[in-house]
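Take a look at this one; I'll ask things after.
The values are calculated or read from the model by the stated rules, or taken from the named source; none is laboratory data. A quick note: this is a predicted structure, and the numbers were derived from the prediction, not measured. Every residue, glycine among them, receives a Cβ derived from its backbone with ideal geometry; neighbour counts consider all protein chains shown.
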Amino acid sequence: MSDAAARAGALLTIDLDAIVANWRLLAARLRPGVRAAAVVKADAYGVGAARVAPALYEGGCRRFFVATLDEGIGLRAAMPEGEIIVFGGPLADTEEDYPAHGLIPVLNTPGQVALWAGLARRMGRRLPAVVHFDTGLSRLGLARDELAALAEDRDALAALDLLLVMSHLACADEPAHDLNPLQRRRFEAGRALFSGVPGSLAASSGIFLGAEWHADWVRPGAALYGVNPQPGAPNPMAQVLQLQGRILQVREIDAGESVGYGATHRARARMRLAVVAAGYADGLPRSLSNRGCAMLGGTRLPLVGRVSMDLMVFDVTGLPEGAARPGVFIDLIGPGVTLDDVAGAAGTIGYEILTALGRRYHRTYRGGTSHGGPGG
Ligand SMILES: *Cc1c(COP(=O)(O)O)cnc(C)c1O
């Protein structure tokens, strides 16, 4: 039997040391005394939470955020130590799963506060929790009057061990946006109701708004995985991913011939094409059609025609004869074509490219800890 890498159409290499280096780089930017958690929701943005979180733990990170209870249960199985906090908070009849798996909920609604305080009373002890309130995103979180009511609710507070009062910014990637200072004022006013409880406001981009935004804890996700937290400025983060697609076939077509479904690219002159084994079923959006590119040996290769389910076609006319041949890998994401480049060409954000990364890739992890699952 051939080996899995030999069979794969595309190879995804994930550099765990680069993720740890990114976490350290962010932590080093913080006001003294401020600490950095790590957001590893959605399977660490598609990169693999069971490998990423233990590597970050070894690197010094002690607090992790996921989105759902199931993500928390899965992560706990991969990482016996470290705090795991679940953004979505407890759903009815799931609250007992939190202590059973060593998980801490974010409380986003008065109903979640009541559910969690009720469990604490049944268990006869205070239970750890994070309180989330809304300051202008209008997504999850207590309204400001609900937060004020909680601050007065002695019974609820007696049941809770509050680890954090948090809120989330809507426009942190636009430093000049008016909503940023408004949300910060609302955040400061809300957290002042809970004296002695640490606060948290900034995610990746918020860290770069400046020290006044750091509160006590920051919650970066995307920047850990190499997404530029300051769109438009040079990216300070190390690149984490390399995605290499295998050339299956090289062909030449004459002027006037078309390429791909819908015949959306027509050759103006004779051209050489490389057909590569990855497509939208692998998470490379169809919106890259006629807009994306790949790299081989420092040469940029335009994507021509539509992205199809399993295949993409690149113009390799500019390469020396023989450089593109079946079996050769070209970079679909790598040093010359970053995650943000791919996202920009697709009309989306790096977050979406990451979390769509396909299941057919042969994955290899570099660096990190010696233990861990397959692929090391
Ligand atoms: C996803 C998320 C984060 C991390 O955001 P990034 O922009 O990826 O750094 C932080 N806080 C909350 C509430 C989130 O939902």
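Under the condition of being away from the ligand (no atom under 16 Å from the Cβ) and touching a residue at least 24 places away in the same chain (Cβ under 8 Å), which residue from segment 21-47 is farthest from Leu248 (Cα to Cα)?
The residue in question is Gly33.
Name the residues in segment 1-45 that are surrounded by fewer than 20 Cβ atoms within 10 Å (Cβ to Cβ), among the β-branched types (Val, Ile, Thr) and within 27 Å of Asp331 (Cα to Cα), would you?
Result: Thr13, single match.
Within segment 230-240, track down each residue that is surrounded by fewer than 21 Cβ atoms within 10 Å (Cβ to Cβ), within 13 Å of the ligand (Cβ to nearest atom) and either under 21 Å from Leu16 (Cα atoms) or modelled with pLDDT of 95 or more (or both).
Filtering segment 230-240 down to residues surrounded by fewer than 21 Cβ atoms within 10 Å (Cβ to Cβ) leaves 230-236, 238-239.
If we keep only those that are within 13 Å of the ligand (Cβ to nearest atom) as well, we get 230-231.
The one that is surrounded by fewer than 21 Cβ atoms within 10 Å (Cβ to Cβ), within 13 Å of the ligand (Cβ to nearest atom) and either under 21 Å from Leu16 (Cα atoms) or modelled with pLDDT of 95 or more (or both): Gln230.
Hey, another quick one. Does segment 340-351 include one or more residues that are surrounded by fewer than 16 Cβ atoms within 10 Å (Cβ to Cβ) and within 16 Å of the ligand (Cβ to nearest atom)?
There is at least one residue in segment 340-351 that is surrounded by fewer than 16 Cβ atoms within 10 Å (Cβ to Cβ) and within 16 Å of the ligand (Cβ to nearest atom).
Right, another one. Out of the residues in segment 80-91 meeting the condition of being surrounded by 21 or more Cβ atoms within 10 Å (Cβ to Cβ) and assigned to a loop (DSSP other than H, G, I, E, B), tell me which one is nearest to the chain's Cα centre (by Cα).
Pass one, segment 80-91, residues surrounded by 21 or more Cβ atoms within 10 Å (Cβ to Cβ): 84-87, 89-90.
Going one step further and asking which of them are assigned to a loop (DSSP other than H, G, I, E, B), we end up with 87, 89-90.
Numbers: Phe87: 14, Gly89: 19, Pro90: 22 Å.
If we take residues in segment 80-91 being surrounded by 21 or more Cβ atoms within 10 Å (Cβ to Cβ) and assigned to a loop (DSSP other than H, G, I, E, B), then Phe87 is nearest to the chain's Cα centre (by Cα).
Do you know which of the residues in segment 57-67 that are in contact (Cβ under 8 Å) with a residue 60 or more places away in the chain and under 16 Å from Ser204 (Cα atoms) is surrounded by the fewest Cβ atoms within 10 Å (Cβ to Cβ)? So that I can check it myself, show each step before the final result.
Initial filter on segment 57-67 (in contact (Cβ under 8 Å) with a residue 60 or more places away in the chain): 58, 63, 65.
When the remaining residues are screened for being under 16 Å from Ser204 (Cα atoms), the result is 63, 65.
Details: Arg63: 22, Phe65: 26.
That would be Arg63.
Please count how many residues of segment 150-170 are touching a helix residue (DSSP H, G or I) at 6+ places or on another chain (Cβ under 7 Å) and within 16 Å of the ligand (Cβ to nearest atom).
Qualifying residue count, segment 150-170: 4.
Does any residue of segment 194-203 turn out to be within 30 Å of Phe329 (Cα to Cα) and touching a helix residue (DSSP H, G or I) at 6+ places or on another chain (Cβ under 8 Å)?
Initially, segment 194-203 is screened for residues within 30 Å of Phe329 (Cα to Cα), giving none.
No, segment 194-203 contains no residue that is within 30 Å of Phe329 (Cα to Cα) and touching a helix residue (DSSP H, G or I) at 6+ places or on another chain (Cβ under 8 Å).
If you check Arg76 against the conditions, is it in contact (Cβ under 8 Å) with a residue 60 or more places away in the chain, of a type in the set (D, E, K, R), over 23 Å from Gly283 (Cβ atoms) and more than 16 Å from the ligand (Cβ to nearest atom)? Outline the logic, then answer.
Numbers: in contact (Cβ under 8 Å) with a residue 60 or more places away in the chain: no; of a type in the set (D, E, K, R): yes; over 23 Å from Gly283 (Cβ atoms): yes; more than 16 Å from the ligand (Cβ to nearest atom): yes.
When the stated conditions are applied, Arg76 does not pass them.
Now for a different question. Of the conditions (1) of a type in the set (D, E, K, R); (2) closer than 23 Å to Gly350 by Cβ; (3) within 16 Å of the ligand (Cβ to nearest atom), Glu83 satisfies every one except a single condition; which number is it?
In the conditions (1) of a type in the set (D, E, K, R); (2) closer than 23 Å to Gly350 by Cβ; (3) within 16 Å of the ligand (Cβ to nearest atom), Glu83 misses (2) alone.
If you don't mind, there's one more thing I want to ask. Can you name every residue in segment 97-141 that is of a type in the set (Asp, Glu) and in a helix (DSSP H, G or I)?
Taking segment 97-141 first, the residues of a type in the set (Asp, Glu) are 97, 134.
Within segment 97-141, just Asp97 meets the criteria.
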